[in-house]
Amino acid sequence: MKMNRYFIIALGVGLTALTSCNLDIAPSSYVEAADTNNAIKTDLELNAMRNGIYSSFRSTFYGVNSQPSEVMCDGFNAAIGYGNNYGGIHRTDMTFTSSDYDTEDLWESMYSAIKDYNIFINSAQNYGNANAASKAAADLYAGEALCFRAYSYMELVRHFAKAYNTATASSDLGVPLVLAYNQLEKPHRATVAKVYEQIKADLDLAASYGIADKPGAKRSEWVTSDVLNMLYARYYLDTKNNEKAAEYAEKVINSAAEYVVSSNADAMKAEYTNDNGTEAIMQLPASITENGSGTNSYYTRASNNNKFAAYGFPGKGIYLAPYFLPSGKLIDSYTESDLRLNQWFTKNYYLIEVGGKKFKDIYAFSKYLGNPALRSSSVPNARQHVKPFMIGEAYLIAAEAYFKGGDAEKAKIALNALQSARVAEVTEATEDNIENEWFRETVGEGLRISCLKRWGKGYTARYAQPAVDEKNACLKGDYYEKRAMSADDIHWVWPIPAYEIKVNQNLENEQNPGY
């Protein structure tokens, strides 16, 4: 669709008042297909479109991009009155099909963003090659987009393909690789090996374009060397190169930016309520006016009813009406002293209402309750600054990689550093202990499915909290709190969306088994 390019850029200038990142309209919103490799003709357009790809990147987090991956697994139970939200993927029963909106949303979100990255990467490279004075900036910004594209393809292959297996990756089907904007292209699925090769190629090129030399900074709004190193660490962990995974995780842990795991209640509040902590390797901008992202609101769904003040809770009339409650398995994984249990879950402060019934003795998941600076009323709205990468994950990658590489001593150092900071039980570095720490630390971040697939493990149950079970606050049955998924369950590999197969006939014979 043809639009006035300068009108779009003018909108970008106006956004300065809303966020310090000055996010712009995505490149694909106004670039014609015939001009996608030369969409940038001035420095003004280079900077405006750079902001646009950051906006595209931010849109791939939270909400539909993370909640389905969590509620499919063993950390959450569907509350009564959840209205069948994420019902198919939570139950993974016969209703979970290739037409499931929740898997479609992730596919569409990532490929829509990839379209913007492709336009920008190719245009920035060409603009830099033709304008020597702008080449350094154009290359650096293209490097940022390459990191974003690598992230998107990693998310896609983690969800829509089998986990990387060195013996079968060259034959297992991954996802279509699209590296240039072409509305007429109908690509086949590349193999898992080819997708990961492209991820590595993007990261290597980004490093050569100057990202590797860009110092890290806590809560950085821009791509830095630490962001690049986190992506490398994820890549190497997925592809079973434990030595490299540990190396890159350690680079982030030992960064001059000095990221610090929150070790007391005030620090946890600064990080997870006010978005002003020391754990975020990258943190994207947001404001009340511009909002900044989708939200993880299904875990809380805060509302206000002044009549509830009579119950005597400090929250006055504010209450939570979540669609999903943390499972008993998740809650039981924490020790009583663990800061994460005390800061990311709420039991007594808010009245809990699910399905029209009121409870006060059950935990709700409140890690993403919302930043007060991002709301205009007293009711939490679940809006937080998007934090794509956190230092806690770096410790977990290091612990897992060292352990699988045969160095239990170094694995214990990384594991215990995280556990000690969280005032949790300090343990030996065993396979179970490391995996359980992933469960506790990354809850709600959308990483659970990729972890279970990487380990080649399913789960045996997601039993409810005792009070939830006793008071019938969650749905019950074989596909709810009794649901178990073996490691070979077909549902670990999500279906290629039916609409995608309809428009791309080359995928007709490439659907994942069971769908």
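Yes/no matrix, rows are residues, columns are (1) in contact with a Leu (Cβ under 8 Å, 6 or more places away or on another chain); (2) at pLDDT 95 or above:
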residue: PRO326; (1), (2): no, yes
residue: ASP332; (1), (2): no, yes
residue: TRP344; (1), (2): no, yes
residue: ASN348; (1), (2): no, no
residue: ALA399; (1), (2): yes, yes
residue: ASP407; (1), (2): no, yes
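Return yes or no: is ALA113 under 25 Å from PHE389 (Cβ atoms), assigned to a helix (DSSP H, G or I), modelled with pLDDT of 95 or more and over 22 Å from the mean Cα position of the chain (by Cα)? No: the conditions fail for ALA113.
All conditions in (1) under 25 Å from SER59 (Cα atoms); (2) surrounded by fewer than 18 Cβ atoms within 10 Å (Cβ to Cβ); (3) at pLDDT below 95; (4) of a type outside the set (S, T, N, Q) hold for GLU108, with the sole exception of (3).
Filtering the stretch 335-358 to residues that are surrounded by 19 or more Cβ atoms within 10 Å (Cβ to Cβ) and over 23 Å from GLY277 (Cα atoms) leaves TYR350, LEU351, ILE352, GLU353, VAL354. Within the stretch 320-372, the set of residues being more than 20 Å from VAL261 (Cβ to Cβ), of a type in the set (Gly, Ala, Ser) and not in a helix (DSSP H, G or I) comprises ALA321, SER327, GLY355, GLY356, ALA364, GLY370. Assess whether VAL178 counts as being in contact (Cβ under 8 Å) with a residue 24 or more places away in the chain, buried (at least 24 other Cβ atoms within 10 Å of the Cβ) and of a type in the set (Val, Ile, Thr). Taking the combined requirement at face value, the residue does not satisfy it. Here the condition is being touching a Phe, Trp or Tyr at 6+ places or on another chain (Cβ under 8 Å), more than 30 Å from GLU221 (Cβ to Cβ), modelled with pLDDT of 95 or more and not in a helix (DSSP H, G or I); of SER98, SER170, it holds for SER98 alone. Taking only pairs six or more apart or across chains, which ones have beta-carbon atoms under 7 Å, a first residue in the stretch 137-162 that is surrounded by fewer than 23 Cβ atoms within 10 Å (Cβ to Cβ), and a second residue that is acidic (Asp, Glu) and not in a helix (DSSP H, G or I)? Correct list of pairs: LYS162/ASP172. Residues in the stretch 65-81 that are at pLDDT 95 or above and of a type outside the set (Gly, Ala, Ser): ASN65, GLN67, PRO68, GLU70, VAL71, MET72, CYS73, ASP74, PHE76, ASN77. Under the condition of being free of Cβ contacts under 8 Å to residues at least 60 places away in the same chain and over 20 Å from PHE365 (Cα atoms), the residues counted in the stretch 249-276 number 7. Note on the stretch 397-449: residues that are at positive phi and either of a type in the set (Phe, Trp, Tyr) or in contact (Cβ under 8 Å) with a residue 60 or more places away in the chain (or both) total 3. Exactly one residue among PRO380, PRO388 is surrounded by fewer than 22 Cβ atoms within 10 Å (Cβ to Cβ) and in contact with a strand residue (DSSP E or B) (Cβ under 8 Å, 6 or more places away or on another chain), and that residue is PRO388.
ASP478 fulfils the conditions (1) of a type outside the set (Gly, Ala, Ser); (2) more than 24 Å from the chain's Cα centre (by Cα); (3) over 22 Å from TYR323 (Cα atoms) except for a single criterion, (3).
Each residue in the stretch 254-267 was checked for being surrounded by 21 or more Cβ atoms within 10 Å (Cβ to Cβ) and part of a helix (DSSP H, G or I), and 0 of them qualify.
Filtered by the rule that a residue be closer than 19 Å to CYS73 by Cβ and of a type in the set (A, V, I, L, M), the stretch 95-114 gives a lone residue, LEU106. Just so you know, in the stretch 463-485 the residues that are of a type in the set (A, V, I, L, M) and not in a helix (DSSP H, G or I) include one that is nearest to GLY83 (Cα to Cα), and it is LEU475.
The values are calculated or read from the model by the stated rules, or taken from the named source; none is laboratory data. Computed from a predicted model, the values in this text were never measured in an experiment. We place every Cβ from the backbone using ideal geometry, glycine too, and count neighbours over all the protein chains shown.
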